[in-house]
Amino acid sequence: MPATTAAAPQTYEDFVKVHGVLLAASGLPRSLHRKLFDKLTSETFDGGAYFQVERCEDGRQRRLLLASESLPQCSDVFLVDHAWTFRLSDAYKQLLEVPGLAQRMGALMCVDVDLSCDAGEGGGDEVAPENGSKLSVMEVIDNEIRDAKERGYDSVKWLELEELDIDDDVLLSLDLSSKFPDLLALSLCGNKLQKAETVLQEVTKFKNLRALWLNDNPILENWDGHMTETILRGCPRLEIFNSRFTSNFGEWALGFCGEVCDKDNQGFIHKGDHPLQSITSLDLSNRSIQSLINKAFSLLELAFTPVEIPNLSHLIIRGNPLEPNSVSELLEVLKGFPCLQSLEVDIPGPLGESAIEILESLPRLSVLNGVNASKILETGKHVIDSILQPRLPEWTAEEPLPDRVINAMWLYLMTYRLADEEKIDETSVWYVMDELGSALRHSDEPNFRVAPFLFMPEGKLESAVSYSILWPIQNVQNGDECTRDFLVGIGEDRQRSARLTAYFHTPENYFIQEYKKFFQNLQSKSVPSSSVKPSSTKSLHRSDGSALRVYTDIPHVEEFLTRPEFVITNEPKDADIIWTSMQVDDETKKAAGITDQQYINQFPFEACLVMKHHLAETIQKAYGSPEWLQPTYNLETNLTQLIGDYFVRKRDGINNLWILKPWNMARTIDTTVTDNLSAIIRLMETGPKICQKYIEQPALFQGKKFDLRYIVLVRDMMPLEIYLADVFWVRLANNQYTLEKHSLFEYETHFTVMNYRGRLNHKNTPDFVKEFEQEHRVKWLDIHQRIRNMIRSVFEAAAHVHPEMHSPTSRAMYGVDVMLDSSFQPKLLEITYCPDCTRACKYDTEAVVGGGEVVKGSDFFNYVFGCLFLDETTHVKPL
């Protein structure tokens, strides 16, 4: 926020009086309050004299170091400016339109350079000509032959022909097997090989080949297991294929991973030489190793054994399935290494689900997954991993800078919500601290604390200027990295470890296993459908013909309920029927004099339908995962399972677009569509939410997204007695539907509720149905029946899971929002208590189902009340 020119409070006492609540909420020690006041009133930003920022993680991240000699605990407080403050819906637009903003954020988030710029150190050792032109294939081959001779080798055994535009015809013309018959390792990465038969023909000529890399070639797009088997039969000694171990892996592959066998040491490894004895650290991560109990680990073959690798002290076996091995067999293999002190392995994984049990089985270990063994045993944690690699932004050279910033910003954003005595903002404010504040990295044991602070020079919210305040919570010395806790105040009771996934690469296998358990549990659910029974409710008609008194706080009811059987009263205690938009609890009843004999338009425990997380929970308890409910997670309780689902979809290349919705807010307030896992987790900070799989392929109407609002009238929950109003209406998005990333910030592309924002384009329901049938060549009656069946199932689930909903004096109307997917199957979106019926009252329409009878908008509440209280079925159909 820009600084204000208004006068500051005159005294420190005034400052404390105005900002007392904010000071307490920040956690700033009282001893620093006056120092904060002095710096705020003088606008003193003196952090540059104490700190310095430097790049790390190969230039893809920044960190903050203490440049001064020392900084004792709670000795000073520093102002941190906010470099960018915005509402989420405005983020992309601001990056495009505000001069210099994208450039500043790009530099701050380290996404302002191309990732490929620093990649020159990898690859082979070939030197390009002085004019900078690329070496030809034959020039590279000649260099390899010359280099081998200079090194004293009798032949070339390691050949790297990478990114040389080699296609199938060129590969054939090279006749590599004749030139290099003793080849042990061949890399053809990054070329243009396409034909499997050509590649298989040529590479299977190398009978001594131990390693083959075909990564980043078009041929792999249609590669299958049969082709791999053909290569293994033709190259019987192959141990590494496309960076993965084959079932033949042994001494050569272990030597390669132990860095004793590479291009600079390419001689054939003779078993009598014991070449693996020098290995102390062995990284076997992500090698697709299926089994450790094969020839490489057999006592007969003497490869991965204490005899051959007696000095092995650090072993990494993360990311390998190791499925055929039992836990006990693997532990026996590892117990044999007398020097093994440090182990990195997936937990849960091949050694079980408990870090404590692994340590008890391998008592020589002093470090497990980077954590001291004594600390693990002391804390009793079963799943641990301290060597979490930071999530770093990824992008391509072609990706525009604003897009890079949008992807990276979730690693830097912080948030607050404005409020005063009267109301709280419906949408949160997000902000990025300046270059100094944003360089603070995470630590579970931080030495600094950061908190947002609104300085109100005039004592009112309108004059507020937003800052962050920074102060040391430990003694810090020169050169120490300055850190903060990204999840301050959040413990494991609020899923701390799972939430760290927003910032770090946490163990994917753990989350996937938890998701599988969750999914299997859902698959076991089933509730039989109940038959529609005759009505058990009775009409409230009075024998003396007098009208039923209705109290309501809803203007449309007061205006349009015109039947003589009902009369409006202003006193709740005098009413026979209370029709309100407010929640009526015991305190409300007592205050208004409402008795249990009065009828109310809400059912006990109806939160199981109208609150989004309870609705999903109710359906999942009843049916598990029905096709008409998108995969849904309550982020407050099932974040771990959601992360696992996300990882499975990412692994399998499945669409990973999700929509986040607050538990109990309407009109799409604080609702976000994203495929960014860090964003999903961070958005929990703005309030409790569900995360639901986005319907990425909805049915469209003239290229636009739409949903349908149905009205359900409930007379009773036990036995279930519900009716569907003949009138429903369609809600249309304004823009053409697209999944292009920029569109995710466009409300009028992905959302359909335009009553409160955007342009409302009313579409008459009969016209919509007729045009939809013509556009898609479908029969609406078929779709309508599927929707009826789904709605019935939803209320059956509520009646089954929550029998306490039954109440003889409850009658209610609910709005049920439905979307169709591209196969015209219904998907439940949400259920709304006391829905806004402005459109139903405003427009006359024809009933699409039931003979095309005209339904007058002005009579909407007349037939709603007639159904619920007079046992009528005009313009409604039983479900």
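The values are calculated or read from the model by the stated rules, or taken from the named source; none is laboratory data. All values derive from a computational prediction rather than experimental measurement. We place every Cβ from the backbone using ideal geometry, glycine too, and count neighbours over all the protein chains shown. Each accessible area value is taken on the protein alone, full model and side chains, heavy atoms only, with ligands, DNA and RNA left out. Shrake-Rupley method; radii C 1.70, N 1.55, O 1.52, S 1.80 Å.
Brief remarks on what is shown
- Here Leu561, Leu540 are screened, and the one residue that is at pLDDT below 90 and either under 30 Å from Arg318 (Cβ atoms) or open to solvent by less than 80 Å² (accessible area, probe 1.4 Å) (or both) is Leu540.
- Listed by position, the helices (runs of 4 or more DSSP H) enclosed by region 549-650 that each have at least 3 residues that are touching a Ser or Thr at 6+ places or on another chain (Cβ under 8 Å) are 555-560, 607-610, 612-623.
- Criterion (closer than 22 Å to Ile512 by Cα and either touching an Asp or Glu at 6+ places or on another chain (Cβ under 9 Å) or among the charged types (D, E, K, R) (or both)) met by exactly one of Leu677, Leu629, Leu657, Leu615: Leu657
- Hey, Ser526 surrounded by fewer than 16 Cβ atoms within 10 Å (Cβ to Cβ) and in contact with a helix residue (DSSP H, G or I) (Cβ under 8 Å, 6 or more places away or on another chain) or not: yes
- Counting only helices (runs of 4 or more DSSP H) that sit wholly inside region 175-290, those with at least 3 residues that are touching a Leu at 6+ places or on another chain (Cβ under 8 Å) and more than 23 Å from Gly152 (Cα to Cα) are 196-203, 225-234, 251-257.
- Members of region 492-509 found to be under 21 Å from Asn634 (Cβ atoms) and either among the small types (Gly, Ala, Ser) or buried (at least 19 other Cβ atoms within 10 Å of the Cβ) (or both), listed by number: Gln495, Ser497, Ala498, Arg499, Leu500, Thr501, Ala502, Thr506
- Criterion violated by Ile695 - all others in (1) open to solvent by 10 Å² or more (accessible area, probe 1.4 Å); (2) in a strand (DSSP E or B) satisfied: (2)
- Within region 442-454, restricting attention to residues that are open to solvent by 10 Å² or more (accessible area, probe 1.4 Å) and in a strand (DSSP E or B), the residue that is farthest from Leu40 (Cα to Cα) is His442.
- Subset of region 678-710 (residues that are within 22 Å of Arg87 (Cβ to Cβ) and among the hydrophobic types (A, V, I, L, M, F, W, C)): Ala679, Ile680, Ile681, Leu683, Met684, Ile690, Cys691
- For region 564-618, a tally of residues being surrounded by 14 or more Cβ atoms within 10 Å (Cβ to Cβ), in contact (Cβ under 8 Å) with a residue 24 or more places away in the chain and aliphatic (A, V, I, L, M) returns 9.
- For region 796-879, the strands (runs of 3 or more DSSP E) that sit wholly inside it and include 2 or more residues that are open to solvent by less than 20 Å² (accessible area, probe 1.4 Å) and small (Gly, Ala, Ser) are 812-820.
- Scanning region 120-171 for residues that are β-branched (Val, Ile, Thr), surrounded by 14 or more Cβ atoms within 10 Å (Cβ to Cβ) and modelled with pLDDT under 80 yields a count of 0.
- Contacts under 6 angstrom Cβ, first residue in region 676-688 being free of Cβ contacts under 8 Å to residues at least 12 places away in the same chain, partner open to solvent by 10 Å² or more (accessible area, probe 1.4 Å), 6 or more apart: none
- Being open to solvent by less than 10 Å² (accessible area, probe 1.4 Å) and either more than 20 Å from Glu746 (Cα to Cα) or aromatic (Phe, Trp, Tyr) (or both) is true of Leu713.
- Out of Glu514, Glu462, sole residue that is farther than 24 Å from Tyr412 by Cα, open to solvent by 20 Å² or more (accessible area, probe 1.4 Å), without any contact (Cβ under 8 Å) to a residue 60 or more places away in the chain and assigned to a helix (DSSP H, G or I): Glu462
- Residues being open to solvent by 30 Å² or more (accessible area, probe 1.4 Å) and in contact with a helix residue (DSSP H, G or I) (Cβ under 9 Å, 6 or more places away or on another chain) - total across region 201-223: 5
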